[in-house]
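The values are calculated or read from the model by the stated rules, or taken from the named source; none is laboratory data. Everything quoted here is computed from the prediction, not taken from an experiment. Please note: Cβ atoms are built from the backbone with ideal geometry, for glycine as well, and neighbour counts cover all protein chains shown. Areas reflect the complete protein model, heavy atoms only, side chains present, ligands, DNA and RNA absent. Shrake-Rupley method; radii C 1.70, N 1.55, O 1.52, S 1.80 Å.
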Amino acid sequence: MGHAFNMVNIIESEEILNKISSLLCSSLVSGAKRKGLVLMDELPDQLVWEILSRIKKTNDRNSLSLACKRFHELDNEQRQSIRVGCGLDPANEALTSLCDRFQNLAKVEITYSGWMSKLGKQLDDHGLLILSSICPSLTDLTLSYCTFITDVGLRYLASCSKLSALKLNFTPRITGCGILSLVVGCRNLTLLHLIRCLNVTSVEWLEYLGKLETLEDLSIKNCRAIGEGDLVKLGPGWQNLKRLQFEVDANYRYMKVYDRLAVDRWQKQCIPCENMLELSLVNCIISPGRGLACVLGKCKNLEKIQLDMCVGVRDSDIIGLAQRSSNLRFISLRVPSDFSLPLLMNNALRLTDESLKAVAQNCSVLESVRISFSDGDFPSFSSFSLSGILSLIKMCPVRELALDHVYSFNDVGMEALCSAQFLEILELVRCQEISDEGLQLVGQFPRLRVLRLSKCLGISDDGLKPLMGSYKLELLAVEDCPQISERGLQGAAKSISFRQDLSWMY
């Protein structure tokens, strides 16, 4: 009984198990593994199982499985995920061997990034047939740069009844028909990511997923033929959606023509987005009263929002969002510089300080703020003034502030940050109005731990002198600032990072 009691105590002690796992890996690396293996041989399977489960690095697990037959057998039984790609040759035979060895695989990632024909034939549809046949526990599958996979392969995957997560990254031969056949079979799908699936034109699969009401995480990026208007087909599926990422290819917009019925559907359909926690929209068109504007107006529990180069976003959209989503913790706004032109100063589509002040007044748990402007010909004009930005710092517990190409932020703004009681991370990119005088105030920021500076022309080594020897900062990272030298960083932080490539200036 005493032995059992001690064993239970050991298993329940995270610190002890982690230390044993670390020592075991160290002994393998140092080559002094005989003594460690003798010790492990005396332990019961339950304890060895717990120790092995804490070894996360694939190389370490592979080394352990080769150390002795016992470890090999336990690893085969325990291994639940693998990541394979160009080294899988011949692909189908190698995959069969792996699946036979690791019979409890739940997560499989197959990626052919950097593949060339001389590396052997890629995994094809037959490989997915193998996967669906001998991996009954498969729940999570990622296919990246798998150019030999077609709709036939996805139809094979439809038999994987436990599949709940599917990520397709640049699988150019797959169409909407293949995705539809998969979602019809895999009725427990909660996560679907489509990235650069260029031949997915039909969206019946999206309507089918909406009727299932199981989808929680949807990401569609640079799928040229899928537009903002297609998302309405998700219908009742919006109810359970917690995370949406939608990105339109900035260099190619497939101009779909939506009839009046499609437009009315956005307006008439109740878009229930109460469960939406994260929303990321890139290069999207936000049209008043329809499309994604309806989504912005219905989010009540949003915690994270990113609006990157979205044309048509108005103050009323952000104000309404702030008033409904009091739990907002992260906001990222990247605004097209064209919005900053004087001709648009009175334009309703131009974001102003009213948006930032609404966020400051309503989002009392906001922790991370990122504001960026794209490159433009009139950088002296800015949609957001210094007052608007500082309202967020004064009224919210902002821990991280990142500003890119924000010319309204200057030395006065740096002085105001001296009273920022929560600020721990500051990132300044192309903020050309900040000088050494403003940079010298960094040492007075109460809780700042990390400072990142990039492409700032007005600062030099002199601005960092007050930090020398204080080691107040945990990390100081400087990139492409022409007047700051690597020598000027020495002693300014516990850890420093320096890179200088001035090609951006020419």
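Just a few scattered comments:
Yes or no, residue by residue, for (1) closer than 22 Å to C160 by Cβ; (2) at pLDDT 95 or above; (3) out of contact with any helix residue (DSSP H, G or I) (no Cβ under 9 Å at 6 or more places or on another chain); (4) surrounded by fewer than 17 Cβ atoms within 10 Å (Cβ to Cβ):
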site	(1), (2), (3), (4)
I179	yes, yes, no, no
L192	yes, yes, no, no
I195	yes, yes, yes, no
V203	no, no, no, no
G210	yes, no, no, no
K221	no, yes, yes, no
I226	no, no, no, no
G229	no, no, no, no
V232	no, no, no, no
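- Where a residue in region 395-415 is open to solvent by less than 50 Å² (accessible area, probe 1.4 Å) and its partner, wherever it lies, is part of a helix (DSSP H, G or I) and acidic (D, E), with Cβ under 6 Å and at least six apart: D411/E437
- Considering only residues in region 379-394 that are in a loop (DSSP other than H, G, I, E, B) and open to solvent by 20 Å² or more (accessible area, probe 1.4 Å), the one that is modelled with the highest pLDDT turns out to be S385.
- For I271: the one exception among (1) at pLDDT 90 or above; (2) over 24 Å from the mean Cα position of the chain (by Cα): (1)
- Hits in region 164-180 - residues which are of a type outside the set (V, I, T) and either closer than 23 Å to L105 by Cβ or in contact (Cβ under 8 Å) with a residue 60 or more places away in the chain (or both): S164, A165, L166, K167, L168, N169, G178
- Of all residues making up region 478-503, the number that are open to solvent by 70 Å² or more (accessible area, probe 1.4 Å) and part of a loop (DSSP other than H, G, I, E, B): 5
- Within region 408-444, the set of residues being under 29 Å from the mean Cα position of the chain (by Cα), of a type in the set (A, V, I, L, M, F, W, C) and more than 17 Å from F498 (Cβ to Cβ) comprises F409, L417, A420, F422, L423, I425, L426, C431.
- Condition check for L168: surrounded by 22 or more Cβ atoms within 10 Å (Cβ to Cβ), in contact with a strand residue (DSSP E or B) (Cβ under 7 Å, 6 or more places away or on another chain) and aliphatic (A, V, I, L, M): yes
- Test for V282: is it closer than 11 Å to V335 by Cα and surrounded by fewer than 22 Cβ atoms within 10 Å (Cβ to Cβ): yes
- Residues (farther than 21 Å from D217 by Cβ and not in a loop (DSSP other than H, G, I, E, B)) located in region 277-317: I285, A293, V311, D315, S316, D317
- Filter pass, G87 being part of a loop (DSSP other than H, G, I, E, B) and at positive phi: no
- Residue check for L457: under 24 Å from R370 (Cα atoms) and part of a strand (DSSP E or B): no
- Checking each residue in region 103-135 for being in contact with a Ser or Thr (Cβ under 9 Å, 6 or more places away or on another chain), part of a loop (DSSP other than H, G, I, E, B) and over 19 Å from L192 (Cα atoms) picks out Q103, N104, L105, Y112, S113, W115, Q122, D124.
- Region 282-302 residues that are at positive phi, paired with ones that are part of a loop (DSSP other than H, G, I, E, B) (beta carbon under 6 Å, 6 or more apart): N283/V248; N283/A250; N283/M309
- Residue in region 135-153 that is closer than 17 Å to G185 by Cα, hydroxyl-bearing (S, T, Y) and surrounded by 14 or more Cβ atoms within 10 Å (Cβ to Cβ) present: yes
- Hits in region 354-374 - residues which are part of a helix (DSSP H, G or I) and either crowded, with 20+ Cβ neighbours inside 10 Å or not acidic (D, E) (or both): S355, L356, K357, A358, V359, A360, Q361, N362
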